[in-house]
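A short worksheet on the structure shown next.
The values are calculated or read from the model by the stated rules, or taken from the named source; none is laboratory data. Keep in mind that what you see is a predicted model, and the values were worked out from it rather than measured. Glycine gets a Cβ as well: all are built from the backbone with ideal geometry, and neighbour counts include every protein chain shown.
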Amino acid sequence: MKNRRNLIILLIFTIGSALFIDLNFRYWYAFMEQYMMFQTTDAYLVRHLGEVGGVAEYATEFLSMAFYYPLCAGVIISLLLALTSWAFHRFISACGAKCSMLFALAPAFLVLCFQQESIAHIITLCVALTAAMAYTCIKPDKIRYVVGLAAIVATYQLAAPAHFVLALLIAIYEIASSRRYAVVASVIALSALLPLIAMNLLYPMPLREAFLSKHLAHPEAAFPTALIVMGLAYPAVAIVAYALRDKELIKSEQLRTRLTFGTLIAALAACILLKHDLMEQAYRYDYYAREGEWQKITDHYHHNGVRGFEALVYVNLAASYNGTLLSDFTYTPQFGIEGLYPTDVKFYIQNIQASEVAWRIGHVNTAQRTAFIGTLGSRRSIQPRLMQRLVESYLVTGEMEVAEKFIKILESYPRLRKWATAQRPLLDPDVAAATDWIAQKRALAPTTDNMHDMQKAFPLAVEALIIDRPENKAAFDYLMAFTLAYKDLHNFLSYIRPMKGKPIDKLYQEALCVCLAVGEITELEAVEFGVDEAVQKRFASFSQSMQRLDAESMRKMYGDTYFYYLQYVQTPQMPVNEQ
């Protein structure tokens, strides 16, 4: 009966944790999948076999390929945690502690609450706990000692720092079972000495990499404290379980069962309902952008609003692709450059966004440069999505030999092999020239050097594109959105004057009404621009209403107009490098 209850507890946890991850972190793991690249080459396998913790990383990248697909991240992670928790429960039972499966699940909740860049730490813990459970199953003492020492060496090579966790668990088991302090000292000493031996005799590597491997966290960033807490949680819970082995805090079996299931369900419900990731929307939009599903971004934004600049960049990019960047201007929060283009590329998502926006407006060199920086700056110096952009950009610029190198790399990645192979015919210059999307990008390519950095001088960089290619509407709309967001009517007029006699968007007509009112243009020029009479009448009504209505009433009546934005919406602060 008790075994059946423990299995039910484990099953509930597995289902609940899968649901929690899918609801809260599906798009996070789909995003981070882009920063792992499992390859089917022999050299890739050999390289990982020769690295400390390399096999765990190999398994991490293999499993992470599935994170791109719905439900897969939640299912894989919950199954790994279930296996780890089952092994841990078997371990503490072998130590003489008769506790519920819920007690063994406590460290797993830590893993759920502190998500990392990959699942390498989960695989590391799974290896350590499975090895510890197997160790307790060996009854002959001498054989068990030898196997334990060998397991510490093996887990160090395969999944470091799993050997530290394993050594602590072996020490706890040996103390709990028969007080064999010599064995305890031996396993702890071996686990501490292994990294020093490895870095001095086998592998030239930094001290941190020797002890913790380079795969759990970015080697240039501080090692996450959460990972240390997760690793120590299992030995700590094992010690507590052993200390309480003879205690029966709740004597009623029925009450104990109710409390166990109630606590488990309440904990899972709290995780699912209370967890709120501000970046979830940005990662969701990144996923849609990767698929070219721009309308899904717009639909989600209209139903849920926008949270954060990263999400807003994708909202504006989607509007550009849908042809609604200007018509949506007054319905979208305006934060100037912050919502149009990332001004910094410190974070992974910003490199992707910089490349996406530059690609959209035809600044192929910037799209290529940011994709290259994003690839080299990633933790594994590899990024398949940005490599796709590199292939595309090199095909546009005609650098076929470089494009072929990246195609070859992507062909070794199972998930993108089909896409990469489909690009090979484009390496023929004649085929490339006859391909629509390449021809369109080449047609918008500037004819003169554009020396402006889009991060530091966005309007100048985009203006240079338009000077060379006035027909580049995507770039023109981005420039005008930037200019109107900062209420810069002087530059707006200089950009719009070449449009005299051509159909112009309603947003431009509304801005021209303001220019007419302040004497920047004449009535004759307004006619030449083709400002609609209905727009002029609405502006006149707006001007009269300002004298008698409060701000909220004005918003309800005119909130969809540029003259309302100009008068009532706070002007975004211009970055120093854009002033």
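Test of understanding: among ALA106, ALA97, ALA82, which residue is modelled with pLDDT under 95 and assigned to a helix (DSSP H, G or I)? Walk me through it before giving the result.
Values: ALA97 fails: assigned to a helix (DSSP H, G or I); ALA82 fails: modelled with pLDDT under 95.
Only one candidate passes the filter, namely ALA106.
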query = Do we have ARG256 as in a helix (DSSP H, G or I), among the charged types (D, E, K, R) and farther than 21 Å from GLY54 by Cβ here?
reply = yes
task = From PHE476, PHE482, PHE458, grab the single residue that is without any contact (Cβ under 8 Å) to a residue 24 or more places away in the chain, out of contact with any Gly (no Cβ under 6 Å at 6 or more places or on another chain) and within 20 Å of TYR321 (Cβ to Cβ).
result = PHE476
request  = Specify which of the listed residues (GLN39, GLN34) is assigned by TED's automatic domain parsing to the domain that holds LEU110, part of a helix (DSSP H, G or I) and under 27 Å from ALA210 (Cα atoms).
outcome  = GLN34
message = Being at positive phi and either under 45 Å from the mean Cα position of the chain (by Cα) or of a type in the set (Asp, Glu) (or both) narrows it down to one residue among LYS473, LYS487, LYS500; which is it?
response = LYS487
ask   = Hey, ALA221 hits all of (1) assigned to a helix (DSSP H, G or I); (2) surrounded by fewer than 15 Cβ atoms within 10 Å (Cβ to Cβ) but one; which does it fall short on?
value = (1)
ask   = Residues of region 518-552 being farther than 23 Å from LYS502 by Cβ and more than 48 Å from the chain's Cα centre (by Cα), which ones?
value = GLY519, GLN544, GLN547, ARG548
key: Sole exception among (1) over 40 Å from the mean Cα position of the chain (by Cα); (2) modelled with pLDDT of 95 or more for ALA167, by number   = (1)
inquiry  = Just to be sure before I move on: is LEU524 within 21 Å of PHE458 (Cα to Cα) and either surrounded by fewer than 20 Cβ atoms within 10 Å (Cβ to Cβ) or among the hydroxyl-bearing types (Ser, Thr, Tyr) (or both) in the structure I sent?
reply    = no
request  = Answer yes if at least one residue in region 528-551 is outside the structural domain of THR330 (by TED's automatic domain parsing), of a type in the set (Asp, Glu), in contact (Cβ under 8 Å) with a residue 12 or more places away in the chain and assigned to a helix (DSSP H, G or I), and no otherwise.
outcome  = yes
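Residues are listed down the side, and each one gets a yes or a no for (1) assigned to a helix (DSSP H, G or I); (2) surrounded by 23 or more Cβ atoms within 10 Å (Cβ to Cβ); (3) in contact with a Phe, Trp or Tyr (Cβ under 9 Å, 6 or more places away or on another chain); (4) in contact (Cβ under 8 Å) with a residue 12 or more places away in the chain:
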{"site": "HIS302", "(1), (2), (3), (4)": "yes, no, yes, no"}
{"site": "VAL313", "(1), (2), (3), (4)": "yes, yes, yes, yes"}
{"site": "ILE349", "(1), (2), (3), (4)": "yes, no, yes, yes"}
{"site": "ALA371", "(1), (2), (3), (4)": "yes, yes, yes, yes"}
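Restricting attention to region 543-553, does a residue exist that is at negative phi and buried (at least 17 other Cβ atoms within 10 Å of the Cβ)? Spell out how you get there, then give the answer.
Keep residues of region 543-553 that are at negative phi, which gives 543-553.
So of that shortlist, the ones also buried (at least 17 other Cβ atoms within 10 Å of the Cβ) come out as none.
Within region 543-553 (the criterion being at negative phi and buried (at least 17 other Cβ atoms within 10 Å of the Cβ)), the answer is no, since none of the residues qualifies.
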